[in-house]
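Notes follow once the structure below has been shown.
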Amino acid sequence: MNKNYLNQEFKNLQQFALLNKDVYEKNNPFPHIVIDNFFSEEILNKILVEFPDLEKEGSVKKFKDGFSIKLASSEKTKFGESTTALLNYLNSSEFLNFLQTITGIKEKLLPDPYFEGGGLHEIKKGGFLKVHSDFNYHPQTNLDRRLNLLLYLNKDWSDIYGGNLELWNQDMSRCEKKITPTFNKIVIFSTTNKSFHGHPDPLACPENLSRKSIALYYYSNGRPSNEKFEARSTLYKSRPNTNEVNYLNILYNLKLALTKIIKFIFPKTILNFFRKFKN
């Protein structure tokens, strides 16, 4: 199956995984690997042609909340033919076995057919994504989120544009690695409460360009006891000597608390009545 998608040097996925699993495990600040020229350039060129201007799409999620300014689409029915084929491959048993080997995860990895939080991502000039660790349970299946895979689709990307993926250490004292989001680069990393990452500074690319990527997340039914934690949404962090997201986290937690109180005080039937009255 992989002959249509991968570059020649990666045809034997299992061999590559065995040779690089120690690299993955020992990379700082948390287990990850960065691979250049992983896919067939011909395939990715087709996907780039199919990639829509998400700002003009009606079904996309548009984030502009202080934590991020970005666009995202998980509507698989609106993906192009080549995009859908690649996503199917990345969720195939062959690719899951590759991920299982290179990451050393013992629990059986599962794909996400809903693309919750994943799919096509686009960030335009001025956009950003503050440093964070991701939501850790799937909201529909309740499975444990274990891996992120990011595929970048940006040709002729200049360092002056910014948009590097930053990987931060556990106490948020320093950025350990910056990864340029260049065409045909993938990043795979373990998802835990301490896998802090993002690109926190506003993008400085020209108006006619954008930072394009494909994101897939992988899950398991259970995780090691040393990684057990309560289900939670995305947790954003401030960088040293800043207070850039702390106040936003406070407001977000207040909003969640108020929502729970309202649902407890007012029966669902009353809430539905007020919604209908409002409309």
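The values are calculated or read from the model by the stated rules, or taken from the named source; none is laboratory data. This one's a predicted model, so the numbers in the text were calculated from it and none came from an experiment. Positions of Cβ are backbone-derived with ideal geometry, glycine not excepted, and every protein chain shown enters the neighbour counts.
Going through T77, T101, T141 one at a time, which residue ends up being assigned to a loop (DSSP other than H, G, I, E, B) and farther than 21 Å from L209 by Cβ?
T141
Quick check: is even one residue across region 147-155 more than 14 Å from the chain's Cα centre (by Cα), touching a residue at least 24 places away in the same chain (Cβ under 8 Å) and not in a strand (DSSP E or B)? There is at least one residue in region 147-155 that is more than 14 Å from the chain's Cα centre (by Cα), touching a residue at least 24 places away in the same chain (Cβ under 8 Å) and not in a strand (DSSP E or B). In region 154-186, the qualifying residues are those that are among the hydroxyl-bearing types (S, T, Y) and farther than 18 Å from N243 by Cα, and the one that is surrounded by the fewest Cβ atoms within 10 Å (Cβ to Cβ) is S158. The number of residues in region 173-191 that are under 19 Å from R239 (Cα atoms) and in contact with a Pro (Cβ under 9 Å, 6 or more places away or on another chain) comes to 5.
Kindly indicate which of S82, S93 is surrounded by fewer than 17 Cβ atoms within 10 Å (Cβ to Cβ), assigned by TED's automatic domain parsing to the domain that holds G198 and among the polar types (S, T, N, Q). Testing whether each residue is surrounded by fewer than 17 Cβ atoms within 10 Å (Cβ to Cβ), assigned by TED's automatic domain parsing to the domain that holds G198 and among the polar types (S, T, N, Q) leaves just S93. Within region 69-79, restricting attention to residues that are among the hydroxyl-bearing types (S, T, Y) and either surrounded by fewer than 19 Cβ atoms within 10 Å (Cβ to Cβ) or more than 18 Å from R145 (Cβ to Cβ) (or both), the residue that is modelled with the highest pLDDT is S73. Go through (1) in a strand (DSSP E or B); (2) closer than 22 Å to Y219 by Cα; (3) over 15 Å from the mean Cα position of the chain (by Cα) one by one and return the number of the condition V131 breaks. Exception for V131: condition (3). Scanning region 156-184 for residues that are of a type in the set (K, R) and either closer than 19 Å to T103 by Cα or outside any loop (DSSP other than H, G, I, E, B) (or both) returns K177, K178. Within region 183-232, restricting attention to residues that are small (G, A, S) and under 20 Å from G117 (Cβ atoms), the residue that is nearest to the chain's Cα centre (by Cα) is A215. Quick check: anything in region 17-27 out of contact with any strand residue (DSSP E or B) (no Cβ under 9 Å at 6 or more places or on another chain) and surrounded by 18 or more Cβ atoms within 10 Å (Cβ to Cβ)? Within region 17-27 (the criterion being out of contact with any strand residue (DSSP E or B) (no Cβ under 9 Å at 6 or more places or on another chain) and surrounded by 18 or more Cβ atoms within 10 Å (Cβ to Cβ)), the answer is yes, since at least one residue qualifies.
Just one of the listed residues (K46, K21) is assigned to a helix (DSSP H, G or I) and over 30 Å from K124 (Cβ atoms), and it is K21.
Looking at A215, A204 in this structure, which one is out of contact with any Pro (no Cβ under 9 Å at 6 or more places or on another chain), at pLDDT 95 or above and in a loop (DSSP other than H, G, I, E, B)?
A204
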